[in-house]
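Have a look at the structure below before the remarks.
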Amino acid sequence: MKLTRIVIALGAGVLGALPIVGSAAEEVSISSLLREMLDRDQVARFPTQDFRLKQDSSYNRVSVAPEPPKNEPTGWFANNDYNTKPEHGRFIRIEKNQGREEFVLMEDEGPGAIVRTWMPWRKQTSGTTNAILRIYVDGHPEPVIEGNQFELFQGKGLVPFPLAHESLRSAVSFFPIPYAKGCKVTVSECPFFFQFTYREYDDEVPVKSFTMDDFEAARPLIDETCKSLLNPQDATEGKTFELFGTLAPNEERKVSMAEGVAAVRALSVKLADYSDPEITRKVVLKMSFDGKETVWCPIGDFFGCGIGLNPMQGWFRTVAEDGTMRSRWVMPYQKNATMSILNLSEKPVDVEARAITGEWTWSSESLYFHAQWRGQYPVPTRPFSDWNYVTIKGRGVYVGDTLTIMNPVEKWWGEGDERIYIDGEDFPSIFGTGTEDYYAYSWGGRSTDFYEHPFHAQPFCHKYNKLNRKTDSNERNTMGFSVETRSRALDTMPFGSSLQLDMEVWSGSDCEMGYQVGVYWYGDAETTSNRKPEPSEIPNVPELPAALTHPETATKGQAFDDAVGFEKLKVLSKPEGSKPELMSKGPANKQLHDQNLLLIRGAKVGDAIEFELPSQLPSAERLTLQAVQSFDLGVVQFSVNGKPSKKVDLFSPKPRASGPIILGDFEGVDGVHTIRVEVVGKNPKSRDTFIALDCILSGSAE
């Protein structure tokens, strides 16, 4: 028996005359779930028919409890999350049925509904299989669905696109399969990777089990749902509130919205210039509802495009090629709401922002929308660890996230599993099989291309997006930024007391990555999370590897032909007792602009050295430097003319040139620039906190 969760409803209501989807009077069915999928209002309420989201997957069964991080992926961090032979045992069991052998992948007792399935191609270049998938409901000996596992759920067979589709080397389905008494899913061959995500309802919830007759009867609604998902409509009726103007660096503009009970039903932001990809991180959206700030998120993470303008279309968000970013999240409030745009970049920003509010009937199930952000660089890949997206305390519903990864090497980075704990669980009820699997694709080392879907997308990877598609399907380079986004409709995650979402950090290389995530969730007024505004982390954007920024000069130093070596600059101040040393020999020197580097030995955390660089132009000029990375160097903060610029970890297992580090655009002060380099930390693997610098280049600001 399942533990029944009691929810006392004090009142209910929605916009217009639509019925409350999932109300106590309505039986859960194929049709009710399809209508719920399209009802954005329902996402903003705690479900009246309470459920918890669960998942059966092929995660490695040796992962039984969290353990101290290790340099070898064993136990909790084991990542062989697949089966290539039955002995691997990463499934529920093998059983005999009518003389045939079937592998049980998912099993649930009581009322529920499968709301998401994910199965990758067995071969990287071929989306074919002979495996027969069977879905049994309510203990009946005959399956209600039977067929080739890819043909069923790849958008070309039983379930039409986009309710099912072929993403990047995976078959993914969001078609709901309800059951009243239980469900079992089997496959005829040893399963590779798999995920079956399902709602587990309270025992008293009435559910009409899936039948093929009901499926055929729902065909018109299925077709209507597919058309709606592919053509999301923005709200146009209601009161419009606008924010226009030029924001100076560190300036914030705010607009108040309609007072009284209402809901934000559409929101858009457009900047005049996206030539600097980092602008989508450095311009922040803030929103408050009933006096509480619940949204503090860079616009790239809020709208799903990550670093840079990377167009994509989803059910809840769209980023257009002209730079208009639109949100369709419903955001209810009881008294008042405000929207702010904060410019944390070094340049003025021209911005247009609009919000449309409409009617809302507040009830005990109504929740406040939250969009929060976390960024961290560097994130070491050894020892293995879990990286927390968010931890929430109170009642609410988790509805999506956007992850941006900076990978400094070519090798694949995304084998880390999601682990999601609901309501204080000791073991996660959702244990995934890889970061790319969470975002609904597979074979990530090769899947470095754009794709989009109403509920998930990869807007950017390596150097490809919607406007620059990959042409060589055999390329396996995942260096640089990758942007992954997921929003939830039927697979939202309600929680009564808490939710914790961790993503395992996993890379094939021992390196330092950059992580940033925007998370979206709804909660009561009293619900809190561990995510707070981090304006100091906003400028800490990881530099692209030199092989991407200057591929033709990545190992020759030619990008700095006109640069000035730091050894030639006037030293204004330095750590007491230290003596900068010129070094002309070493493994990295051939990568430097003049094969020399300046080393400051003995520098400790808090120490700084300042240089004077004569201005070359009367107006703003772009300053770019190259440092050296090695096994005994620290984490340093660069500043120009008193303004913090980039924070960079100079540790590397082997000596190498850092590649271009763009400090930004600056005007000289009395004809000079003051370059400050301060030691602010130490990589755990570094032997010391020394500083090593190569050269600095000034040029016209772009």
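The values are calculated or read from the model by the stated rules, or taken from the named source; none is laboratory data. These figures come from a predicted structure and were not determined experimentally. As a convention, Cβ positions derive from the backbone with ideal geometry for all residues, glycine included, and neighbour counts pool all protein chains shown. Note: accessible area is taken over every heavy atom of the protein model, side chains too, but ligands, DNA and RNA are not part of it. Shrake-Rupley method; radii C 1.70, N 1.55, O 1.52, S 1.80 Å.
Taking a cut-off of 30 Å between Cα atoms, list the lysines near Lys208, but don't count ones fewer than 8 places away on the same chain.
Excluding near neighbours in sequence, the set is Lys2, Lys54, Lys96, Lys156, Lys181, Lys184, Lys227.
Can you give me the convex hull volume of the Cα atoms of segment 606-661, divided per residue and expressed in Å³?
In segment 606-661, the Cα convex hull volume per residue is 95 Å³.
Can you bin segment 327-411 into rounded, prolate or oblate? Criterion: square roots of the alpha carbon gyration tensor eigenvalues sorted a ≥ b ≥ c, rounded for a/c under 1.5, prolate for a/b above b/c, oblate for the rest.
Verdict is oblate for segment 327-411.
Could you calculate the contour length gain from Thr128 to Thr361, that is, 0.36 nm times the residue separation minus the distance between their Cα atoms, to one decimal place in nm?
Between Thr128 and Thr361, full extension yields an extra 79.0 nm.
If each DSSP helix of 4+ residues adds -39,500 (n - 2.57) and the sum is divided by the residues in the chain, what number results at 222 nm, nearest 500 deg cm²/dmol?
After summing the helix terms and dividing by the residues of the chain, the value is -1500 deg cm²/dmol.
Roughly what would the spin-label model give for Lys181 and Gln233, points 7 Å off Cα along C-beta, in nm?
In this crude spin-label approximation the distance works out to 4.2 nm.
Quick one: with all protein chains in place, what share of the accessible area of segment 613-702 is carbon or sulfur, to the nearest percent (1.4 Å probe)?
It is 51 percent, rounded to a whole number.
What percentages make up the Cα-Cα pair-distance distribution of segment 240-302 when the bins are 10 Å wide from 0?
16, 53, 26, 5
Given H placed on each backbone N at 1.01 Å, which residues far from Ala266 in sequence or on other chains put an amide H within less than 5 Å of it?
Excluding prolines and chain starts, which carry no amide H, the hits are Ile356.
Give me the distance in nm between label points sitting 7 Å out from Cα along the Cα-to-Cβ direction at Lys532 and Asp562, one decimal.
In this crude spin-label approximation the distance works out to 4.6 nm.
Taking segment 405-460, how much of its Cα-Cα pair set, in percent, is spaced more than 13 angstrom apart?
Cα-Cα pairs of segment 405-460 separated by over 13 Å account for 66 percent.
Go through Asp562, Asp273, Asp423 and list them by solvent-accessible area, largest first, probe radius 1.4 Å.
Result, largest first: Asp562, Asp273, Asp423.
Taking the dipole about the Cα centre of segment 273-330, with the C-beta of Lys and Arg at +1 and of Asp and Glu at -1, give me whichever of Ser327, Ile279, Gly291 is farthest to the positive side.
Value computed over the given set: Gly291.
Let me check against my output: what whole-number percent is the relative contact order of the chain, with C-alpha pairs under 8 Å and at least 6 apart?
Normalised by residue count, the contact order of the chain is 13 percent.
Taking the alpha-carbon centroid of each part, what is the distance from segment 615-649 to segment 257-273 in angstrom?
If you average the Cα positions of each part, the centres end up 38 Å apart.
Given a cut-off of 17 Å, what percent of all Cα-Cα pairs of segment 422-505 lie beyond it?
55
Computed FRET efficiency, Cβ-Cβ of Asp688 and Leu582, R0 22 Å: what is it to the nearest 0.05?
0.70
Counting C-alpha atoms alone, how compact is segment 46-152: give Rg to one decimal and Dmax as a whole number, in angstrom.
Reported Rg and Dmax, both Å: 16.7, 48.
Evaluate 2.2 N^0.38 Å with N set to the residue count of segment 101-189, then give the Cα radius of gyration divided by it.
1.06
Can you give the translational diffusion coefficient of segment 434-583 in µm²/s, computed by Stokes-Einstein from the Kirkwood radius over Cα pairs at 10 °C and 1.306 mPa s?
The estimated diffusion coefficient comes to 79 µm²/s.
Mind jotting down the three principal axis lengths of segment 633-702 based on Cα atoms? Whole angstrom, largest first.
In descending order, the Cα extents are 40, 21, 16 Å.
In whole angstrom, and with the biggest value first, how far do the Cα coordinates of segment 138-220 range along each principal axis?
39, 34, 23
Tell me, what is the per residue accessible area of segment 434-494 in Å², probe radius 1.4 Å?
So segment 434-494 comes to 25 Å² accessible per residue, rounded to a whole number.
Using θ = phi - 60° and the Karplus curve 6.51 cos²θ - 1.76 cosθ + 1.60, what whole-Hz ³J(HN,Hα) does each residue of segment 103-118 get, with Gly and Pro shown as x?
Listing the rounded values in order: 9, 7, 9, 9, 8, 9, 10, x, x, x, 7, 6, 10, 7, 10, 9 Hz.
Using +1 on the beta carbon of Lys and Arg, -1 on that of Asp and Glu, and nothing else charged, what's the dipole of segment 625-665 about the Cα centre, debye to 20?
40
Let me make sure I get this right: for segment 272-406, a, b and c are the square roots of the gyration tensor eigenvalues over alpha carbons, sorted descending. Under 1.5 in a/c it's rounded, otherwise prolate if a/b > b/c, else oblate. Which is it?
Here segment 272-406 falls in the oblate category.
Straight-line reach only, C-alpha to C-alpha below 25 angstrom: list the lysines that Lys335 could link to, leaving out same-chain residues fewer than 8 apart.
Of all the lysines, those that pass the test against Lys335 - Cα under 25 Å, at least 8 places apart if same chain - are Lys239, Lys254, Lys286, Lys292, Lys393, Lys532.
Among Ser473, Ser573, Ser366, what's the order by accessible area (1.4 angstrom probe), most exposed first?
Ser473, Ser573, Ser366
Please state the charge dipole magnitude for segment 268-366, taken about the Cα centre, from unit charges on C-beta atoms (+1 on K and R, -1 on D and E), reported in debye and rounded to the nearest 20.
The calculated dipole for segment 268-366 is roughly 200 debye.
Place a point 7 Å from Cα of Ser256 in the direction of its Cβ. Which residues in segment 268-301 have their backbone N less than 20 Å from it?
Those under the cut-off are 286-295.
Can you work out ³J(HN,Hα) from phi for every residue in segment 393-404, in order, using Karplus 6.51 cos²θ - 1.76 cosθ + 1.60 and θ = phi - 60°, giving whole Hz and x for Gly and Pro?
Result, rounded to whole Hz: 10, x, 9, x, 9, 8, 10, x, 6, 10, 10, 10.
Using a 7 Å offset from the Cα along the Cα-to-Cβ direction at both Asp510 and Lys604, what is the distance between the two label points in nm, to one decimal?
2.8
Ignoring ligands, DNA and RNA, what percent of the accessible area of segment 12-154 is carbon or sulfur (1.4 Å)?
The value for segment 12-154 is 51 percent carbon and sulfur by accessible area.
Ignoring ligands, DNA and RNA, what percent of the accessible area of segment 274-356 is carbon or sulfur (1.4 Å)?
Roughly 46 percent, rounded to a whole number.
How many Å² of accessible area per residue for segment 265-364, probe 1.4 Å?
Per residue, segment 265-364 has an accessible area of 28 Å².
What dipole magnitude, in Debye to the nearest 20, does the chain give about its Cα centre under +1 on Lys/Arg Cβ and -1 on Asp/Glu Cβ?
960
With a ≥ b ≥ c the root eigenvalues of the C-alpha gyration tensor of segment 283-340, is it rounded (a/c under 1.5), prolate (a/b larger than b/c) or oblate?
Prolate, since a/c reaches 1.5 and a/b exceeds b/c.
How long are the semi-axes of the ellipsoid equivalent to the chain, from square roots of 5 times the Cα gyration tensor eigenvalues, in whole Å, largest first?
47, 30, 21
Which length gain, in nm to one decimal place, applies between Val62 and Ser497 when the Cα-Cα distance is subtracted from 0.36 nm times their residue separation?
153.8 nm
How much solvent-accessible surface does Lys123 expose, in Å² to the nearest 10, with a 1.4 Å probe and all protein chains in place?
It works out to around 140 Å².
Give the distance, in whole Å, between the Cα centre of segment 312-385 and the Cα centre of segment 208-243.
Using only Cα atoms, the two centres lie 23 Å from each other.
Determine the gain in length on full extension of the stretch Thr471-Arg219; use 0.36 nm per residue of separation and subtract their C-alpha separation, reporting nm with one decimal.
Roughly 87.0 nm would be gained on extension.
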